[in-house]
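I have placed the structure first, in the form of structure tokens, so that the comments after it can refer back to it.
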Amino acid sequence: MPKKINVFLSAEQIQKRVAELAAVISRDFAGHPLHCVGILKGSFIFMSDLVRNLTVDVTCDFLTLSSYGTLTQTSGVVKLVTDLTTPIGGKDVLIIEDIVDSGLTLKYLLDNLSTRNPRSLKLCALLDKPEGRRVQVPVDYTGFIVPNKFLIGYGLDDAEFSRNLPYIAAVDPE
Ligand code: PRP
């Protein structure tokens, strides 16, 4: 039987908020090139919309981290699956995430990337689920604070499916 879902954030709500975030980030980095680092796979849709709304010069790179596999609960062990393709030393780096839940992924990433001597290192997450937090991480730009529900769409997956939904939906518990 197909799972029951409820639309939680519409495509219009998401696009409006992404444009607002991009305006703030563009203002904060005015006059400086910004190196955007997307965390795959979940961030790829958010990042593509965000960077298209930025008015500063942008370069992009990606790395792949995984801690959930096909699970809905974090394994607690963050794995670096693929690394960046270019050095970040001396650059203003913006990490782009779809969601911060336990915080373990971003904690791992901040510890890792800060050893590479970026000029600055900031975090932007479309969704923040504070109830899930196990370690504190400084999120500099947040799209929406969300409750502790299983969310899919706009990059977020259900066992790899549903990332392509243009909206974000909550999956009803079975
Ligand atoms: C998801 C999401 C974040 C991370 C957040 O990634 O994209 O990277 O979990 O959770 P945390 O704050 O509890 O660490 P996931 O490991 O599911 O991989 P994916 O991006 O490929 O979906």
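Any read-out appearing in this document is the output of simple, stated calculations on the displayed coordinates, not a laboratory observation. Bear in mind that the values here come from a model prediction, so they are computed numbers and not experimental data. We place every Cβ from the backbone using ideal geometry, glycine too, and count neighbours over all the protein chains shown.
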Check your understanding: Between the range 118-174 and the range 16-55, what is the C-alpha centre distance in whole Å?
Key -> 16
Point to revise | DSSP beta bridges in the chain [antiparallel fraction, %, rounded to 5] | key: 30
Check your understanding: Want the number for F161 to K79: 0.36 nm per residue separation, take away the alpha-carbon distance, what's left?
Key -> 27.4 nm
Exercise for review: Would you please classify the overall shape of the range 1-157 from the alpha carbon gyration tensor, given that a ≥ b ≥ c denote the square roots of the eigenvalues, rounded means a/c under 1.5, and beyond that prolate means a/b larger than b/c while oblate covers the rest?
Suggested key: oblate
Revision key, fill the gap. Set K107/K149; K41/K122; K91/K149; K41/K129; K41/K149; K16/K79, cut-off 27 Å on Cα-Cα distance; pairs above it are K91/K149; K16/K79
Study note, to complete from the structure: Residues whose built amide H sits under 5 Å from the amide H of K41, excluding neighbours closer than 5 in sequence, are L65
**Study point:** Highest average packing first - 40-50, 163-173, Cβ atoms within 10 Å
**Key:** 40-50, 163-173
**Study point:** Additional length obtainable on full extension of the chain from Q136 to Q15, 0.36 nm per residue less Cα span
**Key:** 40.8 nm
Study note, to complete from the structure: Per the C-alpha gyration tensor (a ≥ b ≥ c, the square roots of its eigenvalues), the range 66-174 is rounded if a/c is under 1.5, else prolate if a/b beats b/c, else oblate; here it's prolate
